[in-house]
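J.: Take a look at this one; I'll ask things after.
The values are calculated or read from the model by the stated rules, or taken from the named source; none is laboratory data. What you see is a predicted model, and the numbers here were worked out from it, not measured in a lab. So basically every Cβ, Gly included, is an ideal-geometry build from the backbone, and we count neighbours across all protein chains shown. Quick note on the areas: whole protein, heavy atoms, side chains included, nothing else; ligands and nucleic acids left out. Shrake-Rupley method; radii C 1.70, N 1.55, O 1.52, S 1.80 Å.
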Amino acid sequence: MKKQLEELKIQIELFEIKQSEQVENFRLKFLSKKGSLNQLFEDFKTVPSEMKREVGALLNQVKQKAQQKWEEAQAQFEANKSKDSAEQIDLTLPADKEFTGSRHPLKIIENDIIEIFKTLGFVYAEGPEIEDDWHNFSALNFPPNHPARDMQDTFFITEDIALRTHTSSVQVRLMENQKPPIRAIMPGRVYRNEAISARANCFFHQIEGIYIDEKVSFADLKQTLYHFIQALFGQDVNLRFRPSYFPFTEPSAEMDISCMLCKGSGCNVCKHTGWLEILGCGMIDPNVLQASGIDPEKYSGFAFGMGIERIAMLKFEVKDLRTYFTNDIRFLSQFESMGN
Ligand code: DAH
């Protein structure tokens, strides 16, 4: 038996494991139930007791050797296997696209407008959506019984507090807190008690602008808005100003741009006039400057305000205002590549 064990030891040492199948062959030949080692363990029972100690030690030593060789071979082939599969990954393939969301079309337009005015030195400002009567109406020269204060238009919270009906309230806050020159652009959400339809909603978004300094004139207003419109819609868009009325400006105007869809020849969007109404503007009424502590003898200024939904509708040719707020991913994902 000792001789048999010596031979087996040599066989184990010489067994070549070069391919993965040979790992299993090795196990079957030496370590399995029917393998040679198990057979020798069976035979061990017949070894005379005075030899048992020596033969037993040798038997265990050989078994350990076989076990060790098998485990090492197994580990090596396992490692090679995972190395191979790692090499099969083609790192040059484009990655799977993950939808991480995108900017809302109204935010894209708002950011574009802010960027244009930034290049002219306008700073960004914000104000609260819940406003008092003073900032939303009185300081803006609304007479006490003006129809815009009516419950029809305004969501009142108390007699004196309401959801702001326009971003012009932010003008007042700026004028109260800063000394001219003031140049600011003020976007925000506004609220009006209107029936919801394709063309109207009970809340929407505006952008307000003001410029106050010594000797600011209507010519400055026109040139500023002209630059803005061409930067937003392109060089071939024309403007016109129509006289209008707002309590907080004098003189007041509404500004139209030539319809960019039909290039002025008339279509459904411009109701066959060739023009689109885009914003309200004017020279800030001296009463408004005075109410906020700015000397109207020394300073003058212009202001303008526009609806963001309307501009976005024209730019993206959106027909129903409600689509902005229904969170339909099919609508929103169309703007994925814009406005980063
Ligand atoms: N606040 C006006 C509105 O909501 C828009 C507006 C008109 C703003 C003329 C102005 C302005 O600053 O000068 O309809």
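J.: Could you list, in sequence order, the residues of the stretch 195-219 that are open to solvent by 60 Å² or more (accessible area, probe 1.4 Å) and either at pLDDT below 95 or under 27 Å from the mean Cα position of the chain (by Cα) (or both)?
T.: Ala195, Ile196, Arg199 - these are the residues of the stretch 195-219 that are open to solvent by 60 Å² or more (accessible area, probe 1.4 Å) and either at pLDDT below 95 or under 27 Å from the mean Cα position of the chain (by Cα) (or both).
J.: Ok, one more. Here are the criteria: (1) within 13 Å of the ligand (Cβ to nearest atom); (2) crowded, with 19+ Cβ neighbours inside 10 Å. Tell me which single one Arg192 does not satisfy.
T.: (2)
J.: Can you tell me which condition Glu250 does not meet? The list is (1) open to solvent by less than 40 Å² (accessible area, probe 1.4 Å); (2) over 20 Å from Phe316 (Cα atoms), and all the others hold.
T.: All conditions are met except number (1).
J.: Out of everything in the stretch 221-239 that is open to solvent by 60 Å² or more (accessible area, probe 1.4 Å) and at pLDDT 95 or above, what residue ends up being nearest to the ligand (Cβ to nearest atom)?
T.: Lys222
J.: On the basis of being in a helix (DSSP H, G or I), in contact (Cβ under 8 Å) with a residue 24 or more places away in the chain, open to solvent by less than 90 Å² (accessible area, probe 1.4 Å) and of a type outside the set (Phe, Trp, Tyr), does Leu120 make the cut?
T.: The answer is no for Leu120.
J.: Where the second residue is more than 16 Å from the ligand (Cβ to nearest atom) and the first is polar (S, T, N, Q) and lies in the stretch 235-250, which pairs have Cβ atoms under 6 Å and are six or more apart or on separate chains?
T.: Asn238/Ser258
J.: Testing Arg322 on (1) out of contact with any helix residue (DSSP H, G or I) (no Cβ under 7 Å at 6 or more places or on another chain); (2) closer than 30 Å to Ser217 by Cα, one condition comes back false. Which one is that?
T.: (2)
J.: Any idea which of (1) among the small types (Gly, Ala, Ser); (2) away from the ligand (no atom under 12 Å from the Cβ); (3) on the phi < 0 side of the Ramachandran plot is the one Gly209 doesn't satisfy?
T.: (2)
J.: Among the numbered conditions (1) more than 14 Å from the ligand (Cβ to nearest atom); (2) basic (Lys, Arg); (3) farther than 28 Å from Gly274 by Cα, tell me where Arg183 comes up short.
T.: (1)
J.: Name the one entry in Gln235, Gln230, Gln223 that is out of contact with any helix residue (DSSP H, G or I) (no Cβ under 9 Å at 6 or more places or on another chain) and either among the aromatic types (Phe, Trp, Tyr) or part of a loop (DSSP other than H, G, I, E, B) (or both).
T.: It is Gln235.
J.: Among Arg173, Arg183, which is open to solvent by 20 Å² or more (accessible area, probe 1.4 Å) and part of a strand (DSSP E or B)?
T.: Matching residue, one of Arg173, Arg183: Arg183.
J.: Here is a further query. With a cut-off of at least 2 residues that are open to solvent by less than 100 Å² (accessible area, probe 1.4 Å) and among the hydroxyl-bearing types (Ser, Thr, Tyr), name the helices (runs of 4 or more DSSP H) lying wholly within the stretch 1-104.
T.: The qualifying helices (runs of 4 or more DSSP H) are 49-87.
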